[in-house]
Amino acid sequence: MIRFEQVSKVYSGGHQALQKVDFHLRKGEMAFLTGHSGAGKSTLLKLISVMERPSAGRIFFHGQDVSRIGRRDIPYIRRQIGIIFQDHRLLMDRSVFDNVALPLVIDGYSQQDIQKRVSAALDKVGLHDKAACLPLMLSGGEQQRVGIARAIVNKPALLLADEPTGNLDPDLARDIMQLFRMFNDVGVSVLIATHDLGLVARSGQRTLRLHEGRLVSDGEVA
Ligand code: ADP
Ligand code: ADP
């Protein structure tokens, strides 16, 4: 699904955010990405979704080298990736339905398909009765679920999450993790950046650990 080969990233100011990172995430695999703030987690996710470009090395997505693809091919890659942010980035003046529908509207789906897919996505995250609500009427955990519904509404092969439980208390964090596992169970590959080591340890999942831009371990956290 994703392969990094000796990937480095130096930002324009000269800061080296990643150094010679190698890893492979298989199709259908779920893994955590951990490390202190500034370790390079967000940068790694942005390289996968081609929001940033590597300074050196190669990145393969579905066998395609995306490190050097042209601008015009980026939307094709993005469409296969669902992204979830800590601050969920919902449009606060639009309904839950409209927020979840957004990627489909951008892709030009028919009204009928949009209705069907948004309903299905809201069902999966347990929010089908909140479609008409504005995000402000929802709790933090529910808002994050809307963000997840928006990320999975066009059935991406890969889910990337950047601190998805960062603003949630432990019970809600567990519920959100349960959702990721549910998508993983039906074959979606999942990569979750988090510095919540408790959450990671309890999961028994594969964990990639970054330290100052280097991948320092790759395995299960005991
Ligand atoms: P993490 O997600 O683990 O907190 P980041 O990938 O956000 O780490 O950041 C890694 C390092 O790269 C940090 O030192 C950060 O300040 C720096 N960095 C991130 N984005 C940029 C940018 N756009 N320009 C310059 N430096 C950046
Ligand atoms: P997050 O924790 O979600 O990665 P941050 O607050 O670390 O958010 O960063 C917010 C944005 O600013 C990100 O797009 C990141 O790449 C960018 N950024 C982080 N550090 C720097 C930096 N030193 N210079 C410029 N941009 C940065």
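The values are calculated or read from the model by the stated rules, or taken from the named source; none is laboratory data. Computed from a predicted model, the values in this text were never measured in an experiment. Glycine gets a Cβ as well: all are built from the backbone with ideal geometry, and neighbour counts include every protein chain shown. Ligands, DNA and RNA are stripped out before the accessible areas are found, and what is left, the full protein with its side chains, is counted by its heavy atoms. Shrake-Rupley method; radii C 1.70, N 1.55, O 1.52, S 1.80 Å.
Going by the structure shown, is Leu18 of a type in the set (A, V, I, L, M), closer than 26 Å to Arg209 by Cβ and in contact (Cβ under 8 Å) with a residue 40 or more places away in the chain? Criteria met by Leu18. Condition check: out of contact with any strand residue (DSSP E or B) (no Cβ under 6 Å at 6 or more places or on another chain) and either open to solvent by less than 70 Å² (accessible area, probe 1.4 Å) or in a helix (DSSP H, G or I) (or both). Does Val200 satisfy that? For Val200, the condition - out of contact with any strand residue (DSSP E or B) (no Cβ under 6 Å at 6 or more places or on another chain) and either open to solvent by less than 70 Å² (accessible area, probe 1.4 Å) or in a helix (DSSP H, G or I) (or both) - is not met.
Applying the condition of being open to solvent by 40 Å² or more (accessible area, probe 1.4 Å) and not in a strand (DSSP E or B) to the stretch 2-28 and asking which residue is nearest to Val186 (Cα to Cα) yields Lys27. Leu160 passes all but one of (1) touching a residue at least 60 places away in the same chain (Cβ under 8 Å); (2) in a loop (DSSP other than H, G, I, E, B); which number fails? With (1) touching a residue at least 60 places away in the same chain (Cβ under 8 Å); (2) in a loop (DSSP other than H, G, I, E, B) applied to Leu160, the lone miss is (2). Suppose the filter is more than 16 Å from ligand 2 (Cβ to nearest atom), at pLDDT 95 or above, exposed (fewer than 15 other Cβ atoms within 10 Å of the Cβ) and among the β-branched types (Val, Ile, Thr); does Val216 pass it? Criteria met by Val216.
Scanning the stretch 138-164 for residues that are open to solvent by 10 Å² or more (accessible area, probe 1.4 Å) and within 22 Å of Ala39 (Cα to Cα) yields Asp162, Glu163.
I'd like the full set of residues that are part of a helix (DSSP H, G or I) and buried (at least 18 other Cβ atoms within 10 Å of the Cβ), limited to the stretch 100-123. So that I can check it myself, show each step before the final result.
At the first step, the residues of the stretch 100-123 found to be part of a helix (DSSP H, G or I) are 100-106, 111-123.
Scanning the stretch 100-123 gives Val100, Ala101, Pro103, Leu104, Ile114, Arg117, Val118, Ala121, Leu122.
If only residues of the stretch 58-99 that are in contact with a helix residue (DSSP H, G or I) (Cβ under 9 Å, 6 or more places away or on another chain), open to solvent by less than 50 Å² (accessible area, probe 1.4 Å) and in a strand (DSSP E or B) are counted, the one that is modelled with the lowest pLDDT is Phe85.
When Ser12 is tested against (1) away from ligand 1 (no atom under 16 Å from the Cβ); (2) of a type outside the set (Phe, Trp, Tyr); (3) modelled with pLDDT under 95, just one condition goes unmet, and that condition is (1).
Cβ separations smaller than 8 Å between residues 6+ apart or across chains give the following pairs from the stretch 37-55 residues that are small (Gly, Ala, Ser) and more than 8 Å from ligand 2 (Cβ to nearest atom) to residues that are in a loop (DSSP other than H, G, I, E, B) and open to solvent by less than 10 Å² (accessible area, probe 1.4 Å): Ala39/Gly213; Gly40/Gly213.
Among the residues of the stretch 29-55, write down those that are within 13 Å of ligand 1 (Cβ to nearest atom) and part of a strand (DSSP E or B). Selection gives Phe32, Leu33, Thr34.
Restrict the check to the stretch 171-178 and report whether at least one residue is surrounded by 17 or more Cβ atoms within 10 Å (Cβ to Cβ), in contact (Cβ under 8 Å) with a residue 60 or more places away in the chain, of a type in the set (Gly, Ala, Ser) and in a helix (DSSP H, G or I). No; the residues of the stretch 171-178 include none that is surrounded by 17 or more Cβ atoms within 10 Å (Cβ to Cβ), in contact (Cβ under 8 Å) with a residue 60 or more places away in the chain, of a type in the set (Gly, Ala, Ser) and in a helix (DSSP H, G or I).
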